[in-house]
Amino acid sequence: MKLESRHWTFFGLAVVVVIAMLSGFQPEITVSPDTLRMHEYIESLPEGSKLIISFDHEASSLPEIRPLAVALLRHAFSKNLRLIGIALLSEGTGVGYGLMQQVAAEYSKEYGVDYVYLGFKPQYIAAILSMGQSIPATFPEDYVGQPVDQLPLMTGVETYDDLAGVISVADGSLTTHWIEYGGGQYGVRVSAFGTAAMVTTYDPYLNSDQMYAMVGGLRGAAEYEKLIEIGGSGARGMLAQTCSHLYVILLIVIGNVLYFVSRRKGRSS
Amino acid sequence: MRRKVPQFVCALFGILLFALYFSSHPLARALSQLVLVEYWQIIFAFTLLVGVVSFLKVNLKSIERGEDRPYRIVSLMGLLSMPIVAFFWGIKGGTPFMWIFENIQVPMQSTVFALLAFFVVSASFRGFRARSVSASVLLVSALLTLLARSDVGGLLSEHLPVVADWVRNNPSMSARRAILIGIGLGSVTTSLRVIVGIERTWLGGKQQ
Amino acid sequence: MDISTLVAGILTLAIFTFLYRDNPIYKMAESLLIGVSIGYFLVITWTNSLMDLLFNPLFRDGRLALVIPLVLGLMMFGRFHKRTSALSRIPIAVLIGSGAGVAIPAMLGARTLAQMSATVSPLVTEGGGLNISSIVILLGVLCTLSYFYFSREHRGVLGQSAKAGTWFLMVFFGTTFGYTVMSRMSTFIGRVEFLLSDFLRLAN
Amino acid sequence: MNISDATERSIKNLFVAHRCLSCDIQEMSFLIILILSGVEADWFDMTRFPVLVSAVIAFAIVFYTTYHRKSRGKHKMRQIPGLKAVEEAIGRATEMARPILFTPGWGGDIQRPTTIASMNILSHVAQTTAVYDCQLVYPTHDPVIMSVAQEVVAESYARAGYSERFREDNIQYVSSSQFGYAAAVDGLISRLQPASIFLLGTFEAESLILAETGNSIGAIQIAGTDSTIQLSFFIVACDYTLIGEELFAASGYLSKDESILASVRSQDIMKVLIAAFLVAATIWATIDSNSTWWVF
């Protein structure tokens, strides 16, 4: 078995994360202004406001998306908001439905009245534009096949104008399409719960107010959990997260030290 | 004819959809809907069929030649199993289709995704060298972000997260904004060239 | 342990073996993943696009206008024969043409114009001091744009500003790298959580 | 129900359900009456006026640089470091008699300009591989991209005079799922051991999986994308990276296509205009903080 230096770096990461997870220790965290803004936004919505929660992610990013989505749904249901779930990537469909049902049960919310799930629409740009024309025409039936006009929550919901906003739960750049097509053409207020990787992508949109608020990553989920005072898997992963960051920093430093040492050797020889 | 007709169709749809953007008349909106929702999706579905047939062809040929036979067979079985179980039991929650999706596809996909954590580590170790001024800037801003977004950052100095946020929201954001503007312009010119037929790569490139 | 967790666990470990190097176990898992994922996508597209948008409305509800996209779609099959392969260019032309038509206003409006407007803000604060953020953002945008100026060699003033542009770019790439590392670690942590608590039952 | 309600409902029924081409005769005739009688409906949405103006300016610049006699033939461009590397990479593969792997990433579709720029470069690469009879493998996640790439590569081989060397199967569809695609391309890289890898197009998270696997087999890697997040990884993991717009410019450079060079020039002119706008508006904003004419 031939091991290269990269194998050792792999092994080191596995050890660091496994030990951190097994320790079960949860560090104290501080809340960032971004997360606070989202929390205030949801707090500010009057009871009964209708929100679209769009599950715009693949199944593979579930480890990061689930804590975010659960924190959002818990907060929204506890504020008695009415939620309309949809999915613009096929793999998010089942996940979104499962999460909504699970959290709705925690708050004894009723399907059709407090929340509905309209399911998946392919071709996301087309779907976003189409909903700007008519939501019931875009989704004539919900996920389980009931006609949308028989769902009490959907009465009076015709276009984005009848909603308080859209929150995209995303692992990629799909939220950009919400901003550019949904927000840009129909003026709907777009916010996001996204993976940490997407944070810097959305910065210009936050700065230009094209996006209203954003919570990013497992860390964002942990912060949100702290704000709504309900623990979740965001907080459970925080020690491992911090340790893995430190591990990467350590490797970068070691890599550079080796680089400079070898450069000096090269020069002196 | 082999080029002119598609070029004409391309121009027609391009001009139509461009013009429709500027109208909020219901007819205009309905028309753009029709193209964007129905035409796109239906055409895409057929191209997927073409793709699947090509995938089958490549695999069957390999099996015939005896290359990677067991693996190709597994691939084909995986591919065929999904439509079969969907046909018999449907695709809603709790069906065998969803079981395969949730317990075979999703865990493997998430794990391929999780491989990234390891590749990030090896890339950091190997590639993140302060070789030049700009490489050092890259290094420092990455380290700053990593430190600030783990809990150690706040312990080292309370200013660290504030500085990191400022860097993210100002210099970093401005570069991203310029990239956005640049790509926006690139997209506009390319799209225009496609519509008027200056850009024909999609038809197989330059004419012989 | 139930069969679902067992299958998921074994497949998870099979994929992780790629970290050592390419091997038959990984190859088997990879082949299965490719097959199943194409199958999944095929089924979803069949039900959501072909059945819901085409076959049901066309044959059940008699929306004859749908013959147009049907014919366009069928033209794709022209690819299977050399003599008819040029037919497939027509449906592709519909996709490319309409895509380009939609992209122009979207890219100009939501991207270029909106980002331009957002960059403009006073360089002095109301109190009369310098507004550092505005200055940095304006400089950052201008310098980075100049880096993407291709028509002239980067010398003189343009060279200086393009160089500053690369620094702004590097700051952005660094920040993004940091955030993405965070994200990737979260995913891995999620898989470890599954392996430890559901598969191996070592943690709660 | 009063008339205007009825009208509105009817319009909604008619159009919003996007069935305008299949509505029954009665509805259709009602629609025609409606249009003829000039019912209030915005044929032109004034809120989109700034976009129209900017589009007209952009079109004028593109047409000027493309067709204006004096402007043509003057398209000089600065060096882009990644470009020489493209030739090197092709040369290396032919010398080593090992394949070249070219993939456009998982994030794009055929409508995306990045994909089109990537196709331009593919066309150039294919022409060279045709001459040296070097295997060119092109896995993709999108069946439409597959179809177009097959055409592009076939034409390139024909142009080079080696149609018989073209293998359609080398341009393959390998799953639309992101990590199905990533696993498949990873597998191809590990087994084919290509000498050079081109990662040009729209990439998402799969970028680093591919780049690190390519690195582990010692391939020369050239990346180029407009996906800003992935750029940081490509810069760290690949030999050369074309950043954002450089990809568009590179496609013009390599193909020596006068019209692409013209469009690069037109984008440069637009950038100068944007810079001038930003400076002017900022000065204005600093002097008169109540004004907002630059907000579109």
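The values are calculated or read from the model by the stated rules, or taken from the named source; none is laboratory data. Every value quoted in this text rests on a predicted model; they were computed, and no experiment measured them. Using ideal geometry, Cβ is built from the backbone for each residue, glycine included, and neighbour counts are taken over all protein chains shown. Quick note on the areas: whole protein, heavy atoms, side chains included, nothing else; ligands and nucleic acids left out. Shrake-Rupley method; radii C 1.70, N 1.55, O 1.52, S 1.80 Å.
Here is a check on your reading of the model: is residue D:114 in contact (Cβ under 8 Å) with a residue 40 or more places away in the chain, among the polar types (S, T, N, Q) and in contact with a Ser or Thr (Cβ under 6 Å, 6 or more places away or on another chain)?
Numbers: in contact (Cβ under 8 Å) with a residue 40 or more places away in the chain: yes; among the polar types (S, T, N, Q): yes; in contact with a Ser or Thr (Cβ under 6 Å, 6 or more places away or on another chain): yes.
For residue D:114, the condition - in contact (Cβ under 8 Å) with a residue 40 or more places away in the chain, among the polar types (S, T, N, Q) and in contact with a Ser or Thr (Cβ under 6 Å, 6 or more places away or on another chain) - is met.
Looking only at the stretch A:36-67, count every residue that is modelled with pLDDT of 95 or more, assigned to a helix (DSSP H, G or I) and open to solvent by less than 10 Å² (accessible area, probe 1.4 Å) and tell me the total.
3
Does residue B:21 satisfy the condition of being within 7 Å of another protein chain (Cβ to nearest Cβ), in contact with a helix residue (DSSP H, G or I) (Cβ under 6 Å, 6 or more places away or on another chain), within 27 Å of residue C:44 (Cβ to Cβ) and not polar (S, T, N, Q)?
Working: within 7 Å of another protein chain (Cβ to nearest Cβ): yes; in contact with a helix residue (DSSP H, G or I) (Cβ under 6 Å, 6 or more places away or on another chain): yes; within 27 Å of residue C:44 (Cβ to Cβ): no; not polar (S, T, N, Q): yes.
Considered against the rule, which asks whether it is within 7 Å of another protein chain (Cβ to nearest Cβ), in contact with a helix residue (DSSP H, G or I) (Cβ under 6 Å, 6 or more places away or on another chain), within 27 Å of residue C:44 (Cβ to Cβ) and not polar (S, T, N, Q), residue B:21 comes out as no.
Name, by its number, the condition in (1) at pLDDT below 95; (2) under 14 Å from the mean Cα position of the chain (by Cα) that does not hold for residue A:101.
Unmet condition: (2).
So which pairs qualify, if the first residue must be in the stretch D:146-165 and not assigned by TED's automatic domain parsing to the domain that holds residue D:181, the second must be outside any helix (DSSP H, G or I) and open to solvent by 40 Å² or more (accessible area, probe 1.4 Å), the Cβ gap must be under 8 Å, and the two must be at least 6 apart or on different chains?
none
Assuming residue D:214 fulfils every condition listed in (1) surrounded by 22 or more Cβ atoms within 10 Å (Cβ to Cβ); (2) within 9 Å of another protein chain (Cβ to nearest Cβ) apart from one, which condition is it?
Tallying (1) surrounded by 22 or more Cβ atoms within 10 Å (Cβ to Cβ); (2) within 9 Å of another protein chain (Cβ to nearest Cβ), residue D:214 fails exactly one: (2).
With respect to residue D:185, determine if the residue is within 28 Å of residue B:36 (Cβ to Cβ) and buried (at least 22 other Cβ atoms within 10 Å of the Cβ).
Answer is no for this residue.
For the stretch A:131-181, enumerate the residues that are over 23 Å from the mean Cα position of the chain (by Cα) and among the polar types (S, T, N, Q).
Passing the criteria: A:133, A:134, A:138, A:146, A:150, A:155, A:159.
Sort out for me the helices (runs of 4 or more DSSP H) sitting completely within the stretch A:206-269 that have 1 or more residues that are under 30 Å from residue C:114 (Cα atoms) and touching a Leu at 6+ places or on another chain (Cβ under 7 Å).
On the way: elements: A:217-228, A:233-236, A:238-268.
Answer list for the stretch A:206-269: A:217-228.
Out of everything in the stretch C:137-160 that is touching a helix residue (DSSP H, G or I) at 6+ places or on another chain (Cβ under 7 Å) and open to solvent by 30 Å² or more (accessible area, probe 1.4 Å), what residue ends up being nearest to residue B:181 (Cα to Cα)? Steps first, answer last, please.
Residues of the stretch C:137-160 that are touching a helix residue (DSSP H, G or I) at 6+ places or on another chain (Cβ under 7 Å), as a first pass: C:137-138, C:140-152, C:154, C:158.
Still in the running and open to solvent by 30 Å² or more (accessible area, probe 1.4 Å): C:142, C:147, C:149, C:152, C:154, C:158.
Values: C:142: 11, C:147: 13, C:149: 12, C:152: 19, C:154: 20, C:158: 19 Å.
Result: C:142.
Identify, please: which residue in the stretch B:94-103 is surrounded by 16 or more Cβ atoms within 10 Å (Cβ to Cβ) and free of Cβ contacts under 8 Å to residues at least 12 places away in the same chain and is, among those, farthest from residue C:18 (Cα to Cα)? I'd like the intermediate steps shown before the answer.
Applying the first criterion (surrounded by 16 or more Cβ atoms within 10 Å (Cβ to Cβ)) to the stretch B:94-103 yields B:96-103.
Restricting the remaining residues to those that are free of Cβ contacts under 8 Å to residues at least 12 places away in the same chain gives B:96, B:98-99, B:101-103.
Details: B:96: 28, B:98: 26, B:99: 25, B:101: 22, B:102: 22, B:103: 20 Å.
The selected residue is B:96.
Filtering the stretch B:110-134 down to residues that are more than 7 Å from chain C (Cβ to nearest Cβ) and open to solvent by less than 10 Å² (accessible area, probe 1.4 Å), which residue is farthest from residue D:209 (Cα to Cα)? Spell out the reasoning first.
Pass one, the stretch B:110-134, residues more than 7 Å from chain C (Cβ to nearest Cβ): B:119, B:121-133.
Adding the requirement that they be open to solvent by less than 10 Å² (accessible area, probe 1.4 Å) leaves B:119, B:121-124, B:128.
Working: B:119: 7, B:121: 12, B:122: 11, B:123: 10, B:124: 13, B:128: 17 Å.
Looking at the filtered set, the residue picked out is B:128.
Please go through the stretch D:44-59 and give me each residue that is part of a helix (DSSP H, G or I), open to solvent by 20 Å² or more (accessible area, probe 1.4 Å) and within 12 Å of residue B:24 (Cα to Cα), ordered by number.
Listed by number, the residues that qualify are D:46, D:47.
For the stretch B:69-93, give me each residue that is facing chain C (nearest Cβ under 8 Å), open to solvent by 50 Å² or more (accessible area, probe 1.4 Å) and not hydrophobic (A, V, I, L, M, F, W, C). Spell out how you get there, then give the answer.
Keep residues of the stretch B:69-93 that are facing chain C (nearest Cβ under 8 Å), which gives B:70-72, B:74-83, B:86, B:91.
Then drop every residue that is not open to solvent by 50 Å² or more (accessible area, probe 1.4 Å), which leaves B:70, B:72, B:77, B:80.
Residues satisfying the conditions are B:70, B:72.
A quick yes/no check of all residues on (1) buried (at least 23 other Cβ atoms within 10 Å of the Cβ); (2) outside any loop (DSSP other than H, G, I, E, B); (3) touching a residue at least 40 places away in the same chain (Cβ under 8 Å); (4) of a type in the set (D, E, K, R):
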position	(1), (2), (3), (4)
B:6	yes, yes, yes, no
B:10	yes, yes, yes, no
B:24	no, no, no, no
B:27	no, yes, no, no
B:32	yes, yes, no, no
B:43	yes, yes, no, no
B:56	no, yes, no, no
B:61	no, yes, no, yes
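Each row is one residue, and each column tells you yes or no for (1) within 10 Å of another protein chain (Cβ to nearest Cβ); (2) β-branched (Val, Ile, Thr); (3) touching a helix residue (DSSP H, G or I) at 6+ places or on another chain (Cβ under 9 Å); (4) farther than 30 Å from residue D:294 by Cβ.
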| residue | (1), (2), (3), (4) |
| --- | --- |
| A:181 | yes, no, yes, no |
| A:185 | yes, no, yes, no |
| A:191 | no, no, yes, no |
| A:202 | yes, no, yes, no |
| A:207 | yes, no, yes, no |
| A:223 | no, no, yes, yes |
| A:233 | yes, no, yes, yes |
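Examine the stretch B:125-145 for a residue that is touching an Asp or Glu at 6+ places or on another chain (Cβ under 9 Å), at pLDDT 85 or above and over 17 Å from residue A:63 (Cβ atoms), and state whether such a residue exists.
Scanning the stretch B:125-145 turns up no residue that is touching an Asp or Glu at 6+ places or on another chain (Cβ under 9 Å), at pLDDT 85 or above and over 17 Å from residue A:63 (Cβ atoms).
Please go through the stretch A:94-139 and give me each residue that is within 30 Å of residue A:230 (Cβ to Cβ), among the small types (Gly, Ala, Ser) and open to solvent by less than 30 Å² (accessible area, probe 1.4 Å), ordered by number.
Let us first name the residues in the stretch A:94-139 that are within 30 Å of residue A:230 (Cβ to Cβ), namely A:94-120.
The next check asks that each one be among the small types (Gly, Ala, Ser); those that pass are A:94, A:96, A:98, A:104-105, A:108, A:112, A:119.
If the condition is that a residue be within 30 Å of residue A:230 (Cβ to Cβ), among the small types (Gly, Ala, Ser) and open to solvent by less than 30 Å² (accessible area, probe 1.4 Å), then A:94, A:96, A:104, A:112, A:119 are the ones that fit.
Mind checking which pairs have a first residue in the stretch D:267-296 that is more than 7 Å from every other protein chain (Cβ to nearest Cβ) and modelled with pLDDT of 85 or more and a second that is assigned to a helix (DSSP H, G or I) and surrounded by 12 or more Cβ atoms within 10 Å (Cβ to Cβ), Cβ under 6 Å, 6 or more apart or different chains?
Short answer, once both residue conditions are applied: D:269/D:61.
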